[in-house]
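The block underneath contains the structure these notes are about, expressed in structure tokens.
Bear in mind these aren't lab numbers, they're just calculated from the coordinates by the rules spelled out. Bear in mind the structure is a predicted one, so any value in this text is a computation, not a measurement.
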Ligand SMILES: CC(C)(COP(=O)(O)OP(=O)(O)OC[C@H]1O[C@@H](n2cnc3c(N)ncnc32)[C@H](O)[C@@H]1OP(=O)(O)O)[C@@H](O)C(=O)NCCC(=O)NCCS
């Protein structure tokens, strides 16, 4: 007997167990720490009663978590993220219902929030979840890229990569939080599935998460820049437990302002983070990179990361405006 109902903030522990089981079976990069799961459930703008659904089995165990989230506006489009985490034991019975609910609620959310705009739906699907991948493609979703998981042993020496002239690297400093948000949104403006956070949703993206590691995160500052925003690059690192339960520094988000790209800003930030993460006691670093991002892929390989062979697909589908 499975009972379907909206998620509640009291579900944190059971939801954490479900997400950890899903990540163990077929990782898509879901957060599996209780604090991160709690942050997900209290995220501003998420209406638990309308935007989430869980399936609870007869023993009270959660076997599915479903969420539709408004990810902010891109250029002329509302971005909506669909999350469907199903325990491998429940895939046969729950996948179709999860798929239908996500699509119905996403269409409703677009009509409620921005009926004048089209929406871009984005979702992740594990490489071995063929059933969901087939349903998504039959419903008009297309794979925009595969995300690979890369890892690096932090005991290995780090390539020297100095910051370009006029740029200094500092650990994350909250005084620059808003300017970092603007830089983030500029760097990711052309990325179809990236979150473009507004002021309210920005803290939940990284800097307000309980697992955020300010000392192992980096800002690249060029105080003499022309437009008053000194933040030309950023790299956010999170405390993370990998699929085998080992602690790792997760290099969660990296960006350089377009006008500063190709000058070594990201290489320098990455090299610095590898050193500070090791100094903070981490032995491994992990990150996810898209198959459509060769610049980032080369950067990570140059700095010593290697492919684990694990990955997931990012799929999108456009919903027209009214
Ligand atoms: C990926 C990204 C962070 C790279 O930032 P960047 O500051 O341009 O990176 P770097 O300058 O260190 O390296 C980029 C390239 O410039 C080259 N470069 C670095 N310093 C250089 C210099 N002084 N002169 C000429 N070229 C240089 C690097 O060799 C590299 O070339 P390659 O791609 O042929 O290997 C940036 O493109 C970005 O913000 N993209 C959007 C967000 C994104 O995709 N983030 C990564 C998610 S996984």
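So here's what we get for this one:
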quantity: For the range 46-201: relative contact order, % (alpha-carbon pairs under 8 angstrom, 6 or more apart); calculated: 20
quantity: Three semi-axes of the equivalent ellipsoid, the range 157-303, Cα gyration tensor, whole Å, largest first; calculated: 22, 18, 16
quantity: Kirkwood Rh in Å, taken over all unlike Cα pairs in the range 1-44; calculated: 11.1
quantity: The range 157-303, relative contact order [Cα under 8 Å, separation at least 6], %; calculated: 26
quantity: Ratio of the Cα radius of gyration of the range 47-129 to 2.2 N^0.38 Å, where N counts its residues; calculated: 1.18
quantity: Convex hull projection area averaged over all views, the range 70-217, Cα basis, nm²; calculated: 12.5
quantity: Kirkwood Rh, Cα atoms: Rg over Rh of the range 235-322; calculated: 1.04
quantity: Alpha-carbon Rg with Dmax, taken over the range 172-247, Å; calculated: 13.6, 46
quantity: Residue-averaged 222 nm ellipticity for the chain, from DSSP H runs of 4+ at -39500 (n - 2.57), nearest 500; calculated: -9000 deg cm²/dmol
quantity: At q = 0.14, 0.17, 0.21 Å⁻¹, base-10 log of I(q)/I(0) for the range 8-156 (Debye sum, equal scatterers on each alpha carbon); calculated: -0.71, -1.04, -1.49
quantity: Spatial separation of Cα centroids for the range 85-152 and the range 28-69, in angstrom; calculated: 15
quantity: The chain: radius of gyration and largest Cα-Cα distance (Dmax), Å; calculated: 19.6, 64
